[in-house]
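The values are calculated or read from the model by the stated rules, or taken from the named source; none is laboratory data. As the structure is a prediction and not an experimental result, all values here were calculated from the model. Cβ: placed from backbone, ideal geometry, glycine included. Neighbour counts: every protein chain shown.
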Amino acid sequence: MGFWDLLKNINNAEGIRESMRMSYDKHYNQAQSGQGSAPDTTPAQYALYGALASRYQVDGLNPPEMTVWAELAPFLALSRAEGREYLAEYIVYREKPADAKVNVLRKKVSEGLRAAEGEVKVMAAMAVEQGVAWGQLVDKHTRTTLKDSLLEGS
């Protein structure tokens, strides 16, 4: 999608997806080139964080860092390509739910949560407890598993 197409579509689902992909790619390239990084993060994790945090900034919000990481939990456990794509779809779901590909997003969020371990699983459980938007997509079994991990602390 070119710049003018992006500008024309900025308020629709495809524009949101493309702007999130572009933000992810920008942050990923920064991490790869050494221009941006965070301790103990991979370039893909840095890109996910940067894309979501940037979206919040565009909306005039500045949530705590831990809140952003917790919201990223299901996407952190997906492959790089899937994390990028389904974070973009999640933002469509959050901002324009009627235009989101809900069935595939539900599947990928569940896959990510099942694959999450340790700290990421605890962050996911905290996010669900705090009412994160993707929490509505989580089935009862996964929700129970997450609550159990919160009680266990890992």
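When region 80-139 is limited to residues that are of a type in the set (Asp, Glu) and either surrounded by 14 or more Cβ atoms within 10 Å (Cβ to Cβ) or within 13 Å of the chain's Cα centre (by Cα) (or both), the one that is modelled with the lowest pLDDT turns out to be GLU129. So, in region 15-30, exactly how many residues are closer than 19 Å to LEU76 by Cβ, out of contact with any Lys or Arg (no Cβ under 9 Å at 6 or more places or on another chain) and buried (at least 21 other Cβ atoms within 10 Å of the Cβ)? Adding up the residues that qualify gives 1. Only one of the listed residues (SER149, SER154) is at pLDDT below 95, more than 27 Å from ASN29 (Cα to Cα), part of a helix (DSSP H, G or I) and touching a Lys or Arg at 6+ places or on another chain (Cβ under 9 Å). That residue is SER149.
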